[in-house]
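The values are calculated or read from the model by the stated rules, or taken from the named source; none is laboratory data. What you are looking at is a predicted structure, and each value in this text was computed from that prediction instead of being measured. Every residue, glycine among them, receives a Cβ derived from its backbone with ideal geometry; neighbour counts consider all protein chains shown.
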Amino acid sequence: MIPNNALCHLMLDQQAAWCLVVNGQLYALDHFTSLADWLQAAAGRPSAAITDLLDGTESYRLIGPAAQLNDPDAGIRYLAPIDAQEVWAFGVTYEMSREARMRESNAPTIYGQVYSAERPEIFFKATGPRVVASGDAVAIRADSTWNVPEAELTLLLTPALEIIGYTIGNDMSSRDIEGQNPLYLPQAKVYTRSCALGPFIVLAEASFNPVDIQVDCRILRAGGEAFAGSTYTSRIHRRLSELADWLGRCNEYPQGVFAMTGTGIVPPDIFTLAEGDIIEIRMAGLGALVNPVISITPQQGVKHGISDAEGT
């Protein structure tokens, strides 16, 4: 499904382009210099910025019917809908997540406490280069034996912490690493290809209701279904505006920021992802984020490092 009133980042004719889907048509935003610039201009006036964007179709370059995004022969490839923004994430926002994190951990009480605490769990997830698009591969760590996807409604916020859009996120996680010690969370969450976003950013206008979206996650393996689960965003324990407020406490995001809101879909404890799996995350009104899975070794995570000999 291709959503309406949505931004997307595409490779068109070997050129990266920000595009807009309106009323079933796909437009290239040739004037759109960057997502960061648009978010900065939208700060303090998100509704007006959305209206201005949607009302300007007569001045945009028409690519054609948006349905061609579903045509593999159209020569169009999704890019991650991010540029200079950071990606942050909230944890333990669903009851299902609280229970799963308590089972995996050697310190289970901290997860029960944060679920009901005033202050939520917030952690840094990714920068743009670590984020992959729909169709590109996400990664599992070769030094982990228990890897899962986490399907998450993801907010796009202006520098003023106003919600201006919504997208689908996959917060790849190594549950055994975090379970050994909560201080290992950055290693379990932040690594090459550990985050996927997209393919669309649905604009936060009145016709879209983010608080009761059906979320489906399916994992395909060797032509069959290895796992399927679903939830609703209405089960998030906190208001979305509350999450945005906490993210901005004593912190600034001059380029805007993406905020992953937690997962309510947890595979059984005996399940782990394998190389070659395909992860499909679908959210009503937001489309589908689809990624194959690869495994990366510790050495593959280092592209521009120095050798042990050079570092001594």
As an exercise: evaluate Ser230 against (1) of a type in the set (Ser, Thr, Tyr); (2) part of a strand (DSSP E or B); (3) touching a residue at least 40 places away in the same chain (Cβ under 8 Å) and give the number of the one condition it does not meet.
(3)
Being surrounded by 15 or more Cβ atoms within 10 Å (Cβ to Cβ) and of a type in the set (A, V, I, L, M), is that true of even one residue in the stretch 222-237?
yes
Tell me, which strands (runs of 3 or more DSSP E) lie completely within the stretch 113-210 with 2 or more residues that are β-branched (Val, Ile, Thr), more than 14 Å from the chain's Cα centre (by Cα) and surrounded by 24 or more Cβ atoms within 10 Å (Cβ to Cβ)?
none
Could you list all residues from the stretch 268-280 that are surrounded by fewer than 21 Cβ atoms within 10 Å (Cβ to Cβ) and in a loop (DSSP other than H, G, I, E, B)?
Pro268, Asp269, Ile270, Phe271, Thr272, Ala274, Glu275, Gly276
One residue is enough: does the stretch 212-227 have a residue meeting the conditions touching a helix residue (DSSP H, G or I) at 6+ places or on another chain (Cβ under 9 Å), part of a loop (DSSP other than H, G, I, E, B) and outside the structural domain of Ala41 (by TED's automatic domain parsing)?
yes
Kindly indicate whether Arg249 is closer than 14 Å to Ala151 by Cβ, more than 17 Å from the chain's Cα centre (by Cα) and among the basic types (Lys, Arg).
no
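Return the only residue of Leu29, Leu54, Leu62 being surrounded by 17 or more Cβ atoms within 10 Å (Cβ to Cβ) and at pLDDT 95 or above. Lay out the reasoning, then the answer.
Numbers: Leu54 fails: surrounded by 17 or more Cβ atoms within 10 Å (Cβ to Cβ); Leu62 fails: surrounded by 17 or more Cβ atoms within 10 Å (Cβ to Cβ).
Unique residue meeting the criteria: Leu29.
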When only residues in the stretch 12-26 that are surrounded by 13 or more Cβ atoms within 10 Å (Cβ to Cβ) and touching a residue at least 60 places away in the same chain (Cβ under 8 Å) count, which is farthest from Ala160 (Cα to Cα)?
Leu12
